[in-house]
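Report on the following structure.
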Amino acid sequence: MRKKLAAGNWKMNGLLENLSEIKSLAATAQNSNCQVLICPPAPLIHAMAQISGDIAVGGQTCHANESGAHTGDTSANLLADCGATYVILGHSERRADHGETDTDIRAKTKAAWGAGLTAIVCIGESLAERKASNTLDIIGGQLSTSVPDNATGENLVVAYEPIWAIGTGLTPTLDQIGEVHDFIRARLERRFGQGVGRSVRILYGGSMNPKNAADIADVSNVDGGLVGGASLKAADFSIIIKALG
Ligand code: PGA
């Protein structure tokens, strides 16, 4: 199995002055068994990558095309050119704010792979879907459409992020997390074969914090975390990195 991944998603937070958080994380990242990753807003990627050392840098989305008339969008090639090695795709905030569908995410994932980036494909159910006991159906459908063929443990990470847990302070029970992660693992093994299926890292995301990270990290098939709010301050994120490592 690959190293666990502690991924920070800064969302639309951070200014140039916040690049100092990276310096505060450096020692923790160096001494950790985890791969540490920060995904800042796109304009910060280049400057962050200059100083990030052992910490990987990633984007939060990319366009499916290599270039062209798409005002405001960023290509996967440019992310890579600026020093990114990962890109988050299909985050529920992108799905909600920009109408991204599973089909769009599949195309973006192909673009990310074309640029040599590792895609972190996000999937997760709404509260209504969980209450209706549809969680595994939703997750299975998102996984099969959003992830293209030819996935490997190198080019793909899957992040399970229940929408109702993001930024709310609510989390599923450890059993619920385990059920979904085991299901994702089984689906990956069925589709891509056991070797590849086992090597794709599956992250949990949604209100992960310094207090709950160690318990979540112990759940079967949890290979890391995708952390929003608690990744913004190096002091909090360091505790999570240690819990995952
Ligand atoms: P949160 O966000 O940790 O603030 O809940 C996680 C995410 O959206 O990736």
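When residues of region 218-238 are filtered for being within 18 Å of LEU25 (Cβ to Cβ), of a type outside the set (S, T, N, Q) and not in a strand (DSSP E or B), how many remain?
From region 218-238, those within 18 Å of LEU25 (Cβ to Cβ) are 224-238; that's our starting set.
Add one more test, that the residue is of a type outside the set (S, T, N, Q), and what stays is 224-230, 232-237.
Subsequent filtering for residues that are not in a strand (DSSP E or B) retains 228-230, 232-237.
The number of residues fulfilling the criteria is 9.
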Cβ pairs under 6 Å, 6+ apart, first in region 83-94 and in contact (Cβ under 8 Å) with a residue 12 or more places away in the chain and within 13 Å of the ligand (Cβ to nearest atom), second open to solvent by 10 Å² or more (accessible area, probe 1.4 Å) and charged (D, E, K, R) = LEU89/LYS108; ARG94/GLU100
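Per-residue answers, yes or no, for (1) within 23 Å of SER207 (Cα to Cα); (2) among the small types (Gly, Ala, Ser); (3) open to solvent by less than 20 Å² (accessible area, probe 1.4 Å):
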{"position": "LEU5", "(1), (2), (3)": "yes, no, yes"}
{"position": "GLY8", "(1), (2), (3)": "yes, yes, yes"}
{"position": "ASN18", "(1), (2), (3)": "yes, no, no"}
{"position": "ASN31", "(1), (2), (3)": "no, no, no"}
{"position": "CYS39", "(1), (2), (3)": "yes, no, yes"}
{"position": "MET48", "(1), (2), (3)": "no, no, yes"}
{"position": "ILE55", "(1), (2), (3)": "yes, no, yes"}
{"position": "ASP73", "(1), (2), (3)": "no, no, no"}
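If a residue must be among the β-branched types (Val, Ile, Thr), more than 8 Å from the ligand (Cβ to nearest atom) and open to solvent by less than 10 Å² (accessible area, probe 1.4 Å), how many such residues does region 216-232 contain? Explain how you work it out, then say what you get.
Filtering region 216-232 for residues among the β-branched types (Val, Ile, Thr) gives 216, 219, 222, 227.
Right, trim to more than 8 Å from the ligand (Cβ to nearest atom) and you get 216, 219, 222.
After this cut, where a residue has to be open to solvent by less than 10 Å² (accessible area, probe 1.4 Å) as well, the list is 216, 222.
Result for region 216-232: 2.
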key: Given (1) open to solvent by 10 Å² or more (accessible area, probe 1.4 Å); (2) more than 16 Å from the ligand (Cβ to nearest atom), index of the condition LEU188 fails   = (1)
key: Hey, GLY197 in contact with a Leu (Cβ under 6 Å, 6 or more places away or on another chain), surrounded by fewer than 22 Cβ atoms within 10 Å (Cβ to Cβ) and more than 22 Å from ASP97 (Cα to Cα) or not   = yes
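The values are calculated or read from the model by the stated rules, or taken from the named source; none is laboratory data. No experiment lies behind these values; they were computed from the predicted model shown. Heads up, the Cβs are rebuilt from the backbone with ideal geometry, glycines too, and the neighbour counts pull from every protein chain shown. The protein model used for the area step is the full one, side chains on, heavy atoms only, and it has no ligands, DNA or RNA in it. Shrake-Rupley method; radii C 1.70, N 1.55, O 1.52, S 1.80 Å.
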